[in-house]
Each structure stands twice: as C-alpha cells, then as structure tokens.
Amino acid sequence: MFFGPSITVADKRYLQDMYGVTNQESASSRHVAYSIKQSGIEATGLGFSATWTLSRHYLVNIDAAINHLGHLPTDSPLVERASGHVVAFSFVYTW
Amino acid sequence: MDYSKLANFSRFLIFLTFFTMPTAIVAQTPSPLQEWQYSRGLILAGIFESDLPEFRVISGVGSAIQPIYDGSRAYRVLGGPVINVQFKDIAFISTCDGIGYNVVHKRGLQLGVSIAYDRGRKERDDYTNLIGMGDKPVSAVPKLFGAWVVSQGFPLVIRADIRHLLRAGGGSIADLGAYFPLAR
C-alpha cells in the first residue's frame with residue numbers, strides 16, 4: 001500500500017485551455033466569458049494505492065485519489081465542484 | 001533498534017515493489033489520480049531487489065469511476081485493458097505511463113523521459129455543461145520525470161515531472177508529489 005500527496009501547477013496556456021471560456025465560446029454556450037492570464041496551482045491532492053494477491057500470478061489493485069482544484073480553475077464557470085474523486089480497480093495477471 | 005522488525009518491513013517492501021506494478025487504467029491525463037500513482041513503487045524495486053528480472057509483464061482489465069472532466073459534478077465509469085512491460089529499471093511500455101526510458105537509473109534515483117497521451121475532452125461527454133465549448137482533441141504528451149528515494153531505512157519517494165501537451169493551445173503542467181509505503 002502507498003499513500004501520499006501531490007501538487008500540480010500549470011502555465012496560463014494550459015489553465016486557459018482547460019478552464020477558460022473565450023468570448024466565442026461564451027456566445028455559443030451557457031457560460032460567461034472567463035479568462036485566465038496567469039500560471040498557478042491547478043490542483044492539490046492525496047492518493048492511496050493498494051494490491052491484494054489472490055495467487056502467485058493474479059492480483060487485484062485499487063487506486064483512489066481526491067483532487068482539489070486551485071482557485072484559478074475553481075473560479076471558472078465550467079467548474080461545478082472544486083473537489084473530485086477517483087476510484088480505480090484492476091484485475092491483472094503477472095507473467 | 002529492532003532488527004527483526006526492520007527485516008520484516010524490508011521483506012514486505014520487496015514483495016510490494018515486485019507485485020505492485022502500476023495498473024491504473026485511466027492513468028493517462030486528465031484524471032484525479034496523482035501523478036505518482038502511475039509509477040508507484042517501481043523505483044523501490046531497485047533498492048530492495050539486488051537482481052531485477054530482465055522483464056516484468058502484467059496484463060489484465062480495469063475500471064475507474066471519476067468525474068467526466070476536472071470540475072464536473074457528474075461522474076462516469078471507464079474501463080479498458082491494463083498492460084505494463086518493464087525492462088529492468090531502464091525502460092517501460094505501459095497503459096499507465098506511456099513509453100519511457102530512464103536516462104539515469106541508479107539505486108534510489110531515476111531521471112527519464114517518456115511520451116504519454118492526454119485524452120482531451122469532448123462536448124458529448126457532458127453536453128449540458130460543455131455544449132458550445134468545442135472538443136479538446138487527444139494529444140501526445142512528452143514528459144520529463146524524476147524520482148528519488150530518501151533512504152532504504154525511510155523509503156519516502158519524492159517524484160516530480162513536467163509535461164507539455166502538443167495539441168494547439170495545450171500548455172505545460174508540472175507535478176510534485178511524495179508517497180510512502182504503508183507497513184502491514
């Protein structure tokens with residue numbers, strides 16, 4: 001099992017591309033225009049990963065994380081919820 | 001110092017690093033998974049195993065529940081194959097981390113380059129919120145990364161990377177993370 005935090009920063013180009021709303025997009029969507037003109041924290045988060053061995057070759061893995069967006073993305077009209085969660089399972093064979 | 005407990009913990013870490021090859025199926029960005037989770041534990045194998053096997057291969061299936069896009073209220077289920085091929089601690093091909101090569105692969109230190117992909121974002125993924133926003137196409141993502149283990153006795157791993165999305169308007173993004181194996 002592993003556990004740990006991380007922080008993600010992005011340049012203004014990435015933040016604008018993912019969370020910005022241009023005037024053109026605003027006209028064709030239901031969102032007000034939103035422009036991000038500076039780089040900054042995209043998100044911070046915590047992750048947990050674990051493995052269970054079913055046999056010598058078969059494993060089950062679980063990965064979970066919670067991610068909280070920084071204030072620049074959070075202020076975007078596209079963002080409904082600043083925190084997101086993920087849970088992933090996999091069943092694998094080790095050759 | 002209780003050497004029996006240290007020996008047991010070391011054996012546990014050897015087991016962990018050999019069997020816990022990353023299998024996150026939604027590892028390619030964007031995803032709420034932390035960047036370190038895509039390669040978790042692999043650098044520890046070089047410390048706790050003196051003779052790494054030439055190849056380590058895993059394959060299987062996986063699924064994940066995550067937001068439709070970063071910031072959305074709605075969630076969706078993704079599924080797909082899991083494939084991970086590791087050539088010692090030198091190179092890898094993975095559904096998690098793309099295709100990569102560790103330029104520096106010393107005991108407790110890795111520096112490398114890789115090429116992965118970003119899944120982008122489509123209007124139809126969440127039509128209510130994304131209509132009129134256009135599609136963000138899938139993009140190749142070249143990455144520089146590094147990982148460092150503090151010590152064998154305290155196997156905290158510090159990992160950092162910087163990556164650039166090659167699609168028009170993509171931009172660059174960097175991560176700094178840390179993780180620690182939890183004892184049973």
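Since every read-out is calculated from the coordinates, none of them should be taken as a lab result. If you're wondering where the values come from, they're calculated on a predicted model, not measured in any experiment. Ideal geometry is used to build each Cβ from the backbone, glycine not excepted, and the neighbour counts take in all protein chains shown.
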Query - Reachable lysines from residue A:37, criterion Cα separation under 18 angstrom, eight or more residues apart if same chain - result: A:12
Query raised in the report: In debye to the nearest 20, how big a dipole does the protein assembly as shown give about its Cα centre with +1 on each Lys and Arg Cβ and -1 on each Asp and Glu Cβ?
Result: 200 debye
Query raised in the report: Which one of A:71, A:57, A:31 has the biggest mean-square fluctuation once chain A is modelled by GNM with Cα springs under 10 Å?
Result: A:57
Report task. Run down the lysines and flag those whose C-alpha is under 28 Å from the C-alpha of residue B:88, throwing out any fewer than 8 positions away in its chain. Result -> B:106, B:143
Query - Dipole moment magnitude, nearest 20 debye, chain A about Cα centre, only Lys, Arg, Asp, Glu C-beta charged - result: 100 debye
Report summary line: Shape descriptors of segment B:135-176 over alpha-carbon atoms, Rg and Dmax in angstrom, are 14.7, 48
Query raised in the report: Cα gyration tensor of the protein assembly as shown, axes a ≥ b ≥ c as square roots of the eigenvalues: rounded (a/c below 1.5), prolate (a/b > b/c) or oblate?
Result: prolate
Query raised in the report: Remind me, relative contact order of segment A:12-95 in percent, using alpha carbon pairs under 8 angstrom and six or more residues apart?
Result: 28 percent
Query raised in the report: What is the distance, in nm, between label points placed 7 Å from the Cα along the Cα-to-Cβ direction at residue A:58 and at residue A:26?
Result: 5.7 nm
Query - Anisotropy class of chain A from Cα gyration tensor, a/c 1.5 cut - result: prolate
